[in-house]
Amino acid sequence: QVQLVESGGGLVQPGGSLRLSCLASRMITSVFNPNLWAWYRQAPGKERELVASITPDRVRNYADSVKGRFNISRDNAWKKVYLQMSDLKSEDTAVYYCNALSSSSSTQPKYDWGQGTQVTVSS
């Protein structure tokens, strides 16, 4: 059973930075590596949305709301996915989750959700 473990969230002031990490626990690298990995977020009262994704070849895509501020990366050897967030805004406040995409043409997640990590942007 794959377990996704997110960490790195916290309280940060507007304009600040955070780096989120996601470990794909109980997953062998031969399964991790071909996946297209992504970060999602869910703000209070809103639906979960796709924020960023990265292909096995490290082609990155971002939601318009975070372009130029967020950077997604992956470490196949350690089965980790990262989200470097900078110039954070109050509207970035949400619980952040990582997951693999079910296919390159879908935003649907492939695995069960982890517990997520809370990011709060406030002065």
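Worth pointing out:
- Secondary structure note: in the chain, about 90% of the DSSP beta bridges are antiparallel.
- Relative contact order [Cα under 8 Å, 6+ residues apart], the range 1-54, whole percent: 27
- The distance separating the Cα centre of the range 91-122 from that of the range 1-42 comes to 8 Å.
- Fraction of accessible area attributable to carbon and sulfur, the chain (%, probe 1.4 Å): 47
- Of the residues G15, G68, G45, the one that moves most in a GNM of the chain with alpha-carbon contacts below 10 Å is G45.
- GNM top mover of S73, S65, S86 - the chain, alpha-carbon springs below 10 Å: S65
- Count of Lys pairs (Cα-Cα under 19 Å; at least 8 positions apart or interchain) in the chain: 4
- Taking trypsin sites (Lys or Arg not before Pro) across the range 1-68, the ones in a DSSP loop with at most 14 further Cβ atoms lying within 10 angstrom of their Cβ are R26, K46, R58, K67.
- For the listed peptides 95-103, 1-9, a ranking on the average number of other beta carbons within 10 Å per residue, highest first, reads 95-103, 1-9.
- Overall, the range 1-74 carries a charge dipole of about 120 debye about its Cα centre when +1 sits on the Cβ of Lys and Arg and -1 on the Cβ of Asp and Glu, all other atoms neutral.
- Here's the picture: charge each Lys and Arg Cβ at +1 and each Asp and Glu Cβ at -1 in the chain, and of Y111, G45, S30 the one pushed furthest to the positive end of that dipole is S30.
- Cα pair count fraction exceeding 18 Å, expressed as % - the chain: 46
- Residue-normalised accessible area of the chain, expressed per residue, 1.4 Å probe, Å²: 52
- At most 13 other Cβ within 10 Å, DSSP loop - GluC sites (Glu not before Pro), the range 20-102: E47
- Among A38, A77, A24: highest mean-square fluctuation, GNM of the chain, C-alpha pairs under 10 Å: A77
- The chain - mean residue ellipticity at 222 nm from DSSP helices (-39,500 (n - 2.57) per run, n ≥ 4, rounded to 500): -500 deg cm²/dmol
- The chain - percent relative contact order, Cα under 8 Å, separation 6 or more: 36
The values are calculated or read from the model by the stated rules, or taken from the named source; none is laboratory data. Since this is a predicted model, take the numbers as computed values, not measurements. In this analysis, Cβ positions are derived from the backbone assuming ideal geometry, glycine residues included, and neighbour counts consider all displayed protein chains. Protein only, heavy atoms only, side chains kept; ligands, DNA and RNA dropped before computing areas. Shrake-Rupley method; radii C 1.70, N 1.55, O 1.52, S 1.80 Å.
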